[in-house]
Each structure stands twice: as C-alpha cells, then as structure tokens.
Amino acid sequence: MPGLIRGVARTAVVAGTASAVSGRVQRRQANRWAEQEQGSVGQRYAEPPSQEPAGADPIEQLKELGELRDKGVLTEEEFAAQKAKLLG
C-alpha cells in the first residue's frame, strides 16, 4: 500500500509540473506573438521616408535610410531600392 501511495503521489507531482511548464510556455508564446503583432502593425502603417531635395547630401540620406532600416521602418528590400536610387 505505501508503494501505491508513493506512485500516485509521484504521478501527481509530475503531472502538476508538466501542467505548470506547459502553461508558462503558452503564456510566453502568446506574449511574443502579441509583441510581434504590435510591431508589425506599427511597421505596416509607418509613413514612408520623406523625399529629400535633389541637392541634399547623399551620404546623409544613406545614413538616414540606414537608421530607418535599423528601427524597422524600412525593410531590407526597401532600403536597397532607396540606396540604389540615391547612388544612381
């Protein structure tokens, strides 16, 4: 009888631990998905970079484009297209 109780107790502890870990993983994933969704919404509706006058310094424009890319406002493809446009 003591062996049976010990086995039942061990099973209960294992099941409780698995349940707690599973719940924690689900919460982390939900939080990550929510953060990604908020970030992608901000990126979708971000304003495009302003067009600088033709006489502006291309180095400064490249720096600004790089900052926008680093902030996530521009994708890598958008950055490359703007860079190609600036460099001719």
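Taken together, the values in this text are just the output of simple stated rules run on the coordinates, not laboratory data. Keep in mind that what you see is a predicted model, and the values were worked out from it rather than measured. Note that we place each Cβ from the backbone using ideal geometry, even for glycine, and neighbour counts take in every protein chain shown.
Residue-wise, which Karplus ³J(HN,Hα) couplings in Hz belong to region 25-33, taking 6.51 cos²θ - 1.76 cosθ + 1.60, θ = phi - 60°, and x for glycine or proline?
For region 25-33, the Karplus-derived couplings read 5, 5, 5, 4, 5, 4, 5, 5, 5 Hz, x marking Gly and Pro.
Estimate the FRET efficiency between D70 and N31 by the formula 1/(1 + (r/R0)^6), using the beta-carbon distance for r and 22 Å for R0, to the nearest 0.05.
Numbers: r = 24 Å, r/R0 = 1.08.
Once rounded, the FRET efficiency stands at 0.40.
I'd like the distance between the alpha-carbon centres of region 10-35 and region 60-83, rounded to an integer number of Å.
Each part's Cα centre sits 39 Å from the other's.
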